[in-house]
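The values are calculated or read from the model by the stated rules, or taken from the named source; none is laboratory data. All figures in this text were calculated on a predicted structure; none of them were measured in a lab. Reconstructed Cβ throughout: ideal geometry from the backbone, glycine too, with neighbour counts over all protein chains shown.
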Amino acid sequence: MIPRLLGTPKLVDGVPSIISAGHPFVVEGVDARRAKKAIAVLRAMDGTRTVDQIARSARTEAAFVHSLTSALDHVGLVRDERTPEARAALDVLFELEDLANSLLYESIYRNAFWHALLNETDTVPLQVFHGMAIENYHFLFRESYFDAPALNFPASTRARGLMNQFYGEEYGHDELILKGLSSLGITREDLADTIPLPQTMALCNALAFWARYEPVFFFSTLGILEGKDITIDSYIDACERRGLPAGFVAPIRAHANINMEGEHGSLTRALFEHLPPIDARGVLQMRARTRLFIQLYDGFYTGIWNYYSGSNSLLRRLSTLVDAS
Ligand SMILES: [Fe+2]
Ligand SMILES: [Fe+2]
């Protein structure tokens, strides 16, 4: 503790006292022989010294300073001036954003999926475009599973309100992708009979876990997932360059536009403005989780490329898998 006395020490009739807000407070339990020593200790409590340093400067034992400090702390007459170990949540978020950006550039932005889509659009198999929509459908279909656990976030009323508003705005977005897929002849029933790629499911499950047990970290992922408008737009642009029909592309573009108009990409920053400070250990944990999250997110796109660029069937039908097992 680095105590700062909230008052002025003074000997009143030989008794150590503290004048605070015009009122004298008697320091009890200090015998007359140590009264002057107590005043020296109280004077040294200027918010710049530790208890041991105060003891040295007042030429007394640390135990005496300790007992005096804790007694004063108990009644609110000292303030601890230690540099707070916790940092403002928004400040931590900026650090996490920097980390996430560099990881995105190292991994996702140059993985097989994005490399092919951005640089070799004309030769990318059509099934990769369709597969991306299918996995995106599976992801959005499960969005309520991983958004819902964070709805009752207790640490901030404002953040809770923003999360609930977002939940409402996100509801039913899988339907837009379904609309695009229906242009390929894929029905709701078809999709109900399919399973996502393991990488898609891993991303959904990790987000659901974080929303339930690490909601602050979960909030930090939303900006990346929703800011994926950047990547979604690249996907839509690639769809158009490849000449995919408007019936397929338009509903997917409509979803990207909702994200953009709702400013979902900046939701994380809005949430973090209202979050409590985060301590040093919490920051380290969030940095580690950011690495895992980007790995999972990278796996999502890489998984799409690996599965759909081959000769696998477009729909991973549950009924076929059940028959085969
Ligand atoms: Fe959405
Ligand atoms: Fe969104």
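Tabulated data for the structure shown
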quantity	calculated
Subset of segment 157-177 [in contact with a Pro (Cβ under 8 Å, 6 or more places away or on another chain) and buried (at least 19 other Cβ atoms within 10 Å of the Cβ)]	L176, I177
Condition broken by E61, with the remaining ones in (1) out of contact with any helix residue (DSSP H, G or I) (no Cβ under 7 Å at 6 or more places or on another chain); (2) without any contact (Cβ under 8 Å) to a residue 40 or more places away in the chain satisfied	(1)
Unique match (being β-branched (V, I, T) and either in contact with a Cys (Cβ under 9 Å, 6 or more places away or on another chain) or surrounded by fewer than 15 Cβ atoms within 10 Å (Cβ to Cβ) (or both)) among I224, I252	I252
Any hit, segment 256-277, residues being in contact with a Lys or Arg (Cβ under 7 Å, 6 or more places away or on another chain) and away from ligand 1 (no atom under 16 Å from the Cβ)	yes
Helices (runs of 4 or more DSSP H) within segment 23-111 that include 3 or more residues farther than 30 Å from F293 by Cβ	35-44, 51-57, 62-74
Given (1) surrounded by 16 or more Cβ atoms within 10 Å (Cβ to Cβ); (2) under 19 Å from Y301 (Cβ atoms); (3) away from ligand 2 (no atom under 16 Å from the Cβ); (4) among the acidic types (D, E), number of the condition D190 does not satisfy	(2)
Filter pass, I252 being more than 27 Å from D122 (Cα to Cα), hydrophobic (A, V, I, L, M, F, W, C), within 16 Å of ligand 1 (Cβ to nearest atom) and assigned by TED's automatic domain parsing to the domain that holds F141	no
Options I294, I236: the member that is in the same structural domain as F129 (by TED's automatic domain parsing), on the phi < 0 side of the Ramachandran plot and within 16 Å of ligand 1 (Cβ to nearest atom)	I236
Residue in segment 87-96 that is under 30 Å from P215 (Cβ atoms), basic (K, R) and loosely packed, with under 14 Cβ neighbours inside 10 Å present	no
Residue count for segment 6-22, restricted to those that are closer than 20 Å to D73 by Cβ and assigned to a loop (DSSP other than H, G, I, E, B)	3
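Quick grid of which residues meet (1) out of contact with any strand residue (DSSP E or B) (no Cβ under 8 Å at 6 or more places or on another chain); (2) under 18 Å from L225 (Cβ atoms); (3) in the same structural domain as F219 (by TED's automatic domain parsing); (4) not in a helix (DSSP H, G or I):
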{"site": "V128", "(1), (2), (3), (4)": "yes, no, yes, no"}
{"site": "G131", "(1), (2), (3), (4)": "yes, no, yes, no"}
{"site": "I134", "(1), (2), (3), (4)": "no, yes, yes, no"}
{"site": "P154", "(1), (2), (3), (4)": "yes, no, yes, yes"}
{"site": "F166", "(1), (2), (3), (4)": "yes, yes, yes, no"}
{"site": "P196", "(1), (2), (3), (4)": "yes, yes, yes, yes"}
